[in-house]
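K.L.:
The following block contains the structure, expressed as structure tokens.
The values are calculated or read from the model by the stated rules, or taken from the named source; none is laboratory data. The structure presented is a predicted model; accordingly, all values stated were derived computationally and were not measured. All Cβ positions, even for glycine, are placed from backbone atoms using ideal geometry, and neighbour counts span all protein chains on display.
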Amino acid sequence: MTDTGITFFSHSHHRLKVTDNTSPLDVLSFKGAEALSAPFSWKIIFTSTDKHISRKAMLMKTASLTLQPSPQSLADLLRKAKPLRVVQGVVTGFDTLGVSADEARYAITLQPRLALLARARQNAIWQDASVPQIVESILRDRHGMRGQDFVFSLSRDYPKREQVMQFDEDDLRFVSRLLAEVGIWFRFTTDTRLNIDVVEFYDGPQGYETVMTLPAVPPSGLHDSGVESVWAMESRFRVVEKTVSTRDYNYRDATADMNAQADVTGGDDTTYGEAYHWADNYLQAGEAYSATPATESGAFYARLRHERYLNGQTRLSAKSSCASLMPGVVVRASGSNAAEVFRSGVVITSIVCRAARDSSMETVFQGIPAEGRYGYRPEPAPRPVMAGTLPARVTSTTTNDTYGHIDRDGR
């Protein structure tokens, strides 16, 4: 990445860099949307004296947006401030918005490399592989990612599955669905040393970022002296399911009891009802109501489903001037005006932030309580369905075999 020209002062203190770009880029405004278990998307509008920037100079180029603190004095202008945050990714969209006598106005969409998986639609079968192994295989073998591009920090060992099928799904949807079905979520960070975006996979609260405490102070409307704060805090509470029951059938052991139950409420009397689910595709029931059920057992899936219901019991939202907020960060509000649920801590699940040359940065975030008997669980996408008549043929392990044979399981 190269910079052209030396500017003593700019109305925009945020910096945009694009690999191999030689044109001056001056950020006019931006809007970023991020969420757990989803690729982020930043729409960055900028101006340039180069009125002929081509799509080839932008699309599929790695780029970074560096968020800088607003200068509060002349001394701040003269010294190099530490960046508040660096967003690293690849340019997936490029627009020309207008041209004047002095400059042209453009926009790019900045996303992580994982977002490119949505452009690869495949049909495939994996055998004797666990969910993390399947995901790693797709990232490495299909999309050329290396060890520094992703990290698995899991608290469980996931069993190998006899067979997993990808049918008419793009790689992003397939990977996201597989991970969500077993409770694994992901978020993105930036490696400023290698200048790459990194996707991190977690299956519990161990993936939450360090707690950040902000004062509950609304903006004055005139001057905030660069103090980061949180305001407009809202809480929404709903009645959700009290228990979850699951059931399945294992043809290898037809008489086995495959019923499983879960109750993660801890006796919360503001919940109600039982949710029954059939065919989560497990081979053993597991220990009912266990806090640590066997991975991918019936009790494991029942607990995951109940945690997803409980994620909707308390929904929290607020606004902040802090540029460091992102999904996975735990934020606490201090001050007498903050409700107890905000003082205890909120894990951010999604944000929408925006800023411009004539307006300071504002972040609207959504979240759930950080402290509790459950953590964040992504909602899996529906599994694809094969409809209609499916042609097939009987095969054998012996070449040109006259007859078909059943295996040890009677198939």
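Table: residues versus (1) modelled with pLDDT of 95 or more; (2) of a type in the set (Ser, Thr, Tyr); (3) within 15 Å of the chain's Cα centre (by Cα).
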position	(1), (2), (3)
124	yes, no, no
130	yes, yes, no
141	yes, no, no
175	yes, no, yes
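K.L.:
Please verify whether residue 309 is of a type in the set (Phe, Trp, Tyr) and surrounded by fewer than 16 Cβ atoms within 10 Å (Cβ to Cβ), treating the condition exactly as stated.
P.N.:
The answer is no for residue 309.
K.L.:
Within segment 204-222, is even one residue part of a helix (DSSP H, G or I), touching a Lys or Arg at 6+ places or on another chain (Cβ under 8 Å) and either of a type outside the set (Val, Ile, Thr) or buried (at least 18 other Cβ atoms within 10 Å of the Cβ) (or both)?
P.N.:
Checked against the condition, which is being part of a helix (DSSP H, G or I), touching a Lys or Arg at 6+ places or on another chain (Cβ under 8 Å) and either of a type outside the set (Val, Ile, Thr) or buried (at least 18 other Cβ atoms within 10 Å of the Cβ) (or both), segment 204-222 yields at least one hit.
K.L.:
Tell me yes or no: at least one residue of segment 82-94 is assigned to a loop (DSSP other than H, G, I, E, B), of a type outside the set (A, V, I, L, M), surrounded by 14 or more Cβ atoms within 10 Å (Cβ to Cβ) and modelled with pLDDT under 95.
P.N.:
yes
K.L.:
Given 47, 66, which one is outside any loop (DSSP other than H, G, I, E, B), touching a Pro at 6+ places or on another chain (Cβ under 6 Å), over 30 Å from residue 181 (Cβ atoms) and not assigned by TED's automatic domain parsing to the domain that holds residue 150?
P.N.:
66
K.L.:
Return the residues of segment 217-248 that are over 27 Å from the mean Cα position of the chain (by Cα) and either at pLDDT below 95 or farther than 19 Å from residue 262 by Cβ (or both); say none if nothing qualifies.
P.N.:
Residues satisfying the conditions are 217, 218, 219, 220, 221, 222, 223, 224, 225, 226, 227.
K.L.:
Still on this structure, please answer the following. Of everything in segment 271-305 that's more than 25 Å from the chain's Cα centre (by Cα) and not in a loop (DSSP other than H, G, I, E, B), which residue is surrounded by the fewest Cβ atoms within 10 Å (Cβ to Cβ)?
P.N.:
Step by step, filter segment 271-305, then rank; the result is 278.
K.L.:
For segment 43-55, which residues satisfy the criterion of being under 29 Å from the mean Cα position of the chain (by Cα) and surrounded by fewer than 19 Cβ atoms within 10 Å (Cβ to Cβ)?
P.N.:
43, 45, 55
K.L.:
Do you know which residues across segment 229-239 are touching a strand residue (DSSP E or B) at 6+ places or on another chain (Cβ under 9 Å) and more than 16 Å from residue 337 (Cβ to Cβ)?
P.N.:
236, 237, 238
K.L.:
If you don't mind, another one. Pairs only if they're at least six apart or on different chains, beta carbon under 6 angstrom, first in segment 103-125 and closer than 10 Å to residue 171 by Cα, second surrounded by fewer than 23 Cβ atoms within 10 Å (Cβ to Cβ) and among the hydrophobic types (A, V, I, L, M, F, W, C); list them, first residue then second.
P.N.:
Filtered contacts from segment 103-125: 114/199; 117/172; 118/172; 123/167.
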